[in-house]
Amino acid sequence: MYGLLLALHLIAATIWTGGHIVLSLVILPKVLKRRSAQLLLDFESAYEKIGMPALIIQVVTGLMLAYHLLPDVSLWFDMSVPVAHGIAAKLSLLALTVLFALDARFRVIPKLSEANLVDMAWHIIPVTVFSVLFVLAGVSFRAGWLV
Ligand code: HEM
């Protein structure tokens, strides 16, 4: 069961983090160069069909993995417990990702145009950085980086 959860978690991680790296390094420079909001909207509408389910799988499997490692949920932010460091890092990154995504979805995207493309870039780049930090925080459980 743990192996299956970890496998799902890792497949979803490749989609979430990989998709954001492609968005930041390949699509975004083209969008800014051509000043084309449409190019960005086209990528977003194609990617969200697979990116959103991936994030949901990530959160559900992540919470189950965390529960397996530390069944007492009240200790997940207790910094005297070494394994809680990684869990707290993951949950903090999740909160930041959700805040940026909601702001993009409800404030920036509805009036997306050539004029506020840079505003959108300031959402895409941080969410990509968080997605890489998610992977590093994940690896830290085994590598012991955060204990
Ligand atoms: C987009 C979001 C996420 C990404 C990209 C991600 C990525 C990863 C990666 C690459 C690993 C390493 C697995 C290994 O060492 O074999 C991992 C492990 C882990 N993740 Fe995530 N993760 C995400 C979200 C979450 C969330 C929301 C939680 C909830 C607390 C979570 C909890 C865990 C746990 C507990 C492990 C350790 C599993 C183990 O080593 O046995 N993750 N994650």
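The values are calculated or read from the model by the stated rules, or taken from the named source; none is laboratory data. None of these values were measured; they are calculated from a predicted model. No Cβ is skipped: glycine too gets one built from the backbone with ideal geometry, and neighbour counts run over all protein chains shown. Only protein heavy atoms, including side chains, enter the accessible area calculation; ligands, DNA and RNA are left aside. Shrake-Rupley method; radii C 1.70, N 1.55, O 1.52, S 1.80 Å.
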Could you give every pair whose Cβ atoms fall below 9 Å, whose first residue belongs to region 52-73 and is in contact (Cβ under 8 Å) with a residue 40 or more places away in the chain, and whose second residue is buried (at least 17 other Cβ atoms within 10 Å of the Cβ) and hydroxyl-bearing (Ser, Thr, Tyr), counting only separations of at least 6 or pairs across chains? 55/97
Out of the residues in region 35-77 that are surrounded by 13 or more Cβ atoms within 10 Å (Cβ to Cβ) and among the charged types (D, E, K, R), state the one that is farthest from the chain's Cα centre (by Cα). 42
Looking at region 79-95, I want the residues that are free of Cβ contacts under 8 Å to residues at least 40 places away in the same chain and have a partner that is of a type in the set (A, V, I, L, M) and away from the ligand (no atom under 11 Å from the Cβ) with Cβ atoms under 7 Å, at least 6 apart or on another chain. Which pairs are those? 81/75; 84/75
So how many residues does region 120-147 have that are surrounded by 16 or more Cβ atoms within 10 Å (Cβ to Cβ) and closer than 21 Å to residue 32 by Cβ? 8
Which residues, counting only those in region 37-51, are free of Cβ contacts under 8 Å to residues at least 40 places away in the same chain and more than 12 Å from the ligand (Cβ to nearest atom)? 38, 39, 42, 43, 45, 46, 47, 48, 49, 50
Regarding region 96-106, can at least one residue be identified that is in a helix (DSSP H, G or I), closer than 19 Å to residue 17 by Cα, touching a residue at least 24 places away in the same chain (Cβ under 8 Å) and among the small types (Gly, Ala, Ser)? yes
Filter region 66-86 for residues that are within 8 Å of the ligand (Cβ to nearest atom) and in contact with a Gly (Cβ under 9 Å, 6 or more places away or on another chain) and give the result. 66, 69, 86
Any chance you could count how many residues in region 12-34 are under 16 Å from residue 136 (Cα atoms), open to solvent by less than 50 Å² (accessible area, probe 1.4 Å) and in contact (Cβ under 8 Å) with a residue 60 or more places away in the chain? 4
Output the number of residues of region 87-131 satisfying the condition of being away from the ligand (no atom under 16 Å from the Cβ) and among the polar types (S, T, N, Q). 2
